[in-house]
Ligand code: KIV
Ligand code: ZN
């Protein structure tokens with residue numbers, strides 16, 4: 001069976017940039033947009049043009065800059081938003097308007113004080129209006145995760161008739177379980193008339209730590225676009241992390257799904273976004289965290305030194321990391337110590353290692369981590385003792 005492509009829709013500059021403290025200026029956004037294009041994302045959601053003159057300008061400048069990816073602007077389901085997005089996107093080679101409305105009972109009742117029929121009508125009008133400016137229109141059913149599947153199918157059917165090319169099914173509140181989200185996508189695939197004319201898209205939030213799992217479940221059940229951000233940034237607990245979905249499809253060839261991302265750029269991309277947004281990446285973050293390829297327990301270190309694959313499922317080079325690291329702590333073993341000594345130019349014998357290891361443990365019980373300077377001091381102590 002041929003592998004099918006999953007389109008990567010990056011929303012670092014929209015959902016990611018909404019995070020308090022992550023605000024970027026236009027120059028910084030352009031740097032990120034250019035790199036995202038080089039990384040191979042299919043769509044760059046550049047911003048929400050009506051939200052501020054600054055965001056409008058950024059979307060417009062990004063539209064001029066980007067060569068390959070589609071450039072997308074977010075709107076609510078009203079004329080003014082759509083007009084602003086169309087204007088900001090007018091220089092884009094491949095513009096997309098992303099419009100939509102809340103579809104769950106709580107959104108219909110509390111946000112809009114409205115009815116299901118009225119929501120369908122507004123959705124259809126918004127898609128038709130967006131379609132009068134651009135060919136490519138994505139519709140989002142906000143809070144689809146908590147929207148009843150029958151109603152979701154109805155609204156999807158109507159917006160496809162109105163011209164929507166992509167249907168975004170956001171789990172806005174990060175509520176769904178993977179099985180439930182996957183079943184929702186399958187339900188739409190099987191029950192929406194005209195579904196073959198549109199692509200289903202996953203947009204999952206991470207409130208319960210399930211964003212990536214839900215997106216993968218969506219793709220397995222027929223979605224062909226995943227909306228995600230670098231480092232998983234986004235509202236509250238964040239969005240699906242781009243680097244995670246890319247590497248899941250790469251490592252699990254059995255899924256028969258792939259992306260067009262150059263995974264060797266992932267580590268640099270993560271560092272660049274973290275620096276520009278001033279948001280540190282947690283060390284244990286999958287794929288791009290500082291500890292993602294660091295081994296500190298003696299048992300693991302011994303295995304990795306003998307053969308990397310004993311404790312690593314990803315070759316660090318595949319995500320742009322030079323090599324795995326062997327971190328020395330009081331939990332490290334002799335083979336790790338010998339390995340690190342060799343790294344700094346000392347090929348120690350087995351007998352010497354017995355003594356050195358005892359000295360090492362004395363220091364390691366006091367310090368959290370032993371660095372190369374400490375190793376030099378240990379070697380000097382040893383040399384003095386044997387003279
Ligand atoms: O989480 C969400 O529902 C969104 C939409 C605006 C697409 O970000
Ligand atoms: Zn979102």
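Nothing in this text is a laboratory measurement; each read-out follows from the coordinates by a stated rule. Worth saying up front: this structure is predicted, and the values here are computed from it rather than measured. Backbone-built Cβ (ideal geometry, glycine too); neighbour counts: all protein chains shown.
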> Using 0.36 nm per residue, how much length does the chain from residue 220 to residue 109 gain when fully extended, once their Cα-Cα distance is taken away?
Replying inline: 36.7 nm
>> Quick check on packing: order 60-73, 263-276 by the mean number of other C-beta atoms within 10 Å, highest mean leading.
In response: 60-73, 263-276
> Which values, in whole Å and largest first, are the semi-axes of the equivalent ellipsoid of region 294-386 obtained as the square root of 5 times each eigenvalue of the Cα gyration tensor?
Replying inline: 25, 13, 12
>> Counting only helical runs of four or more DSSP H residues, what would the 222 nm mean residue ellipticity of the chain come to if each run contributes -39,500 (n - 2.57) and the total is spread over all its residues?
In response: -13000 deg cm²/dmol
>> How far apart, in nanometres, would the label points at residue 23 and residue 280 be if each is projected 7 angstrom from Cα along the Cα-to-Cβ direction?
In response: 2.3
>> As an exercise, use a Förster radius of 35 Å and the Cβ-Cβ distance of residue 358 and residue 322 to find the FRET efficiency, rounded to the nearest 0.05.
In response: 0.65
>> How big is region 177-302 along each principal axis, measuring the range of its Cα positions in Å and listing the largest first?
In response: 54, 35, 28
> How much of the calculated P(r) for the chain lies past 35 Å, in percent of all Cα pairs?
Replying inline: 35
> What residue among 43, 304, 363 shows peak mean-square fluctuation when the chain is described by a Gaussian network model with Cα springs under 10 Å?
Replying inline: 363
> Within the chain, what percent of beta bridges assigned by DSSP are antiparallel, to the nearest 5?
Replying inline: 5
>> Using only the Cα atoms of region 1-102, what semi-axes does the equivalent ellipsoid have when each is the square root of 5 times a gyration tensor eigenvalue? Give whole Å, largest first.
In response: 21, 16, 14
>> Can you compute the FRET efficiency between residue 196 and residue 351 using 1/(1 + (r/R0)^6), with r the Cβ-Cβ distance and R0 = 56 Å? Round to the nearest 0.05.
In response: 0.20
> Which FRET efficiency value, to the nearest 0.05, do you get for residue 373 and residue 297 by plugging their Cβ-Cβ distance into 1/(1 + (r/R0)^6) with R0 = 22 Å?
Replying inline: 0.45
> If you stretched the chain out fully between residue 2 and residue 51, how much longer would it get, using 0.36 nm times the residue separation minus the C-alpha to C-alpha distance?
Replying inline: 13.4 nm
> Roughly how many whole Å is it from the C-alpha centroid of region 22-61 to that of region 94-154?
Replying inline: 24
> Using alpha-carbon positions, what is the distance between the centroids of region 295-372 and region 159-228, in Å?
Replying inline: 44
>> Compute the helix-to-body angle for 334-343: its Cα long axis versus the longest principal axis of the chain, expressed 0 to 90° and rounded to tens.
In response: 90
> For the chain, modelled as a GNM with alpha-carbon contacts under 10 angstrom, which of 370, 155, 31 fluctuates the most?
Replying inline: 370
> Taking springs between alpha-carbon atoms closer than 10 angstrom, which of 87, 359, 38 fluctuates most in the Gaussian network model of the chain?
Replying inline: 359
> In degrees, nearest 10, range 0 to 90: what is the angle between the Cα axis of helix 79-88 and the longest Cα principal axis of the chain?
Replying inline: 50
> Which percentage, to the nearest 5, of the DSSP beta bridges contained in region 147-267 is antiparallel?
Replying inline: 10
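Please give the length that would be gained between residue 80 and residue 262 if that part of the chain were fully extended, namely 0.36 nm times their separation in residues minus their C-alpha to C-alpha distance (nm, one decimal).
Stretched fully, the residue 80-residue 262 segment lengthens by 61.8 nm.
Got a sec? How would 325, 332 order by Cβ neighbour count within 10 Å, fewest to most?
325, 332
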> Quick one: Cα convex hull volume of region 205-279, Å³ per residue?
Replying inline: 88
> In degrees from 0 to 90, rounded to the nearest 10, what is the angle of the helix 211-220 Cα long axis to the longest principal axis of the chain?
Replying inline: 60
